[in-house]
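Before any comments, here is the structure.
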Amino acid sequence: MPSVQSVRPRPELAPFVRAYAQRKVEAIDPAWVQSVPAQLEQIINFELGVLPGIRHRQSDVTKEILVGGAQDAYSGDLHLRPGVESFAIFFWPTGWSHLFHVPTHELTNQFDDATSIHGEQIRTLWNQLGEASSFQRRVQVVEAFLLRRVAAAKPHEKTSRAAEYIFRKHGAVRIPRLGRADSVSLRQFERLFRKDLGMSPKTFACIARFQFAIDAKLANPERTWLDVAHSFGYFDQMHMIHDFERLGRNTPTQVLLQMGDVRPSALVAGSD
């Protein structure tokens, strides 16, 4: 069976990174497909073995190092096959952007070759990860790389602070209040948010609620979907079902089945 390992970051990196994860597909494992619904983390993915098939927004992506941002809709499929070995870093919605000074909106709805953005430094990191002998050692390599960026991290802008707040509140916020907190009109706040984040604050909040509902069910499969709906502020279960159909293209139960291990345990455990 495929193995997935994951862990949360050290405290110094916790403001930027949510989790690290590694997947290995053994030679005897069958090929299968996982779906990737809407999500808000920025992610960088290192392929260290056989390349998986990645279908992102109607395009095939075949690169060893990919970086992407929030996805405001169902973004595609992941075709896993024997020999795949992947290492991924899951950042907070603006975490990668703050560490590497890349505008958040440039990564939104993208999943592109990371070397075109970061050049040789990211290729060197990929080589180091390939030479590392274990998941634990790969985490150490990545954290040493990221720690060198912390001192020069880009300060949070008003909109990125708002995005982090919405995310940590699982989308349960009143958008007009966020604008008033920064002494701007609702229309101006929405315009600035869309410009900086690549989507409206309302869409961002809807996706946050959707993905934390998924994580809550993954963390505790015994919870009923009705309980999940009530816990995350849906009007009723049908309201939640409509969101799942829009952002995951299926019913809540089928979204989870089709996702497989797309959201690793350390990420789910860190969703509180």
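The values are calculated or read from the model by the stated rules, or taken from the named source; none is laboratory data. Everything quoted here is computed from the prediction, not taken from an experiment. Note that we place each Cβ from the backbone using ideal geometry, even for glycine, and neighbour counts take in every protein chain shown.
Could you check how many residues of segment 183-233 are touching a residue at least 24 places away in the same chain (Cβ under 8 Å) and of a type in the set (S, T, N, Q)? Looking only at that region, the number is 2. Pairs meeting the criteria (first residue in segment 93-115 and without any contact (Cβ under 8 Å) to a residue 60 or more places away in the chain and surrounded by fewer than 18 Cβ atoms within 10 Å (Cβ to Cβ), second residue in a helix (DSSP H, G or I) and of a type in the set (A, V, I, L, M), beta carbons under 7 Å, at least 6 apart or on different chains) are 115/122.
Restricting segment 33-51 to residues that are small (Gly, Ala, Ser) and in a loop (DSSP other than H, G, I, E, B), which is surrounded by the fewest Cβ atoms within 10 Å (Cβ to Cβ)?
First pass over segment 33-51, keeping only residues small (Gly, Ala, Ser): 35, 38, 49.
Then keep just the ones that are in a loop (DSSP other than H, G, I, E, B); that gives 38, 49.
Numbers: 38: 24, 49: 16.
Out of the qualifying residues, it is 49.
Only residues that are at pLDDT below 85 and either of a type in the set (Gly, Ala, Ser) or not in a helix (DSSP H, G or I) (or both) were counted in segment 163-181, giving 2. Each residue in segment 1-22 was checked for being of a type in the set (Phe, Trp, Tyr) and outside any strand (DSSP E or B), and 1 of them qualify. Counting only strands (runs of 3 or more DSSP E) wholly contained in segment 52-139, the ones carrying 2 or more residues that are touching a strand residue (DSSP E or B) at 6+ places or on another chain (Cβ under 6 Å) and more than 29 Å from residue 193 (Cα to Cα) occupy 53-56, 76-80, 85-91.
Within segment 236-272, being under 16 Å from residue 208 (Cα atoms), more than 20 Å from the chain's Cα centre (by Cα) and surrounded by fewer than 20 Cβ atoms within 10 Å (Cβ to Cβ) holds for 239, 241, 242.
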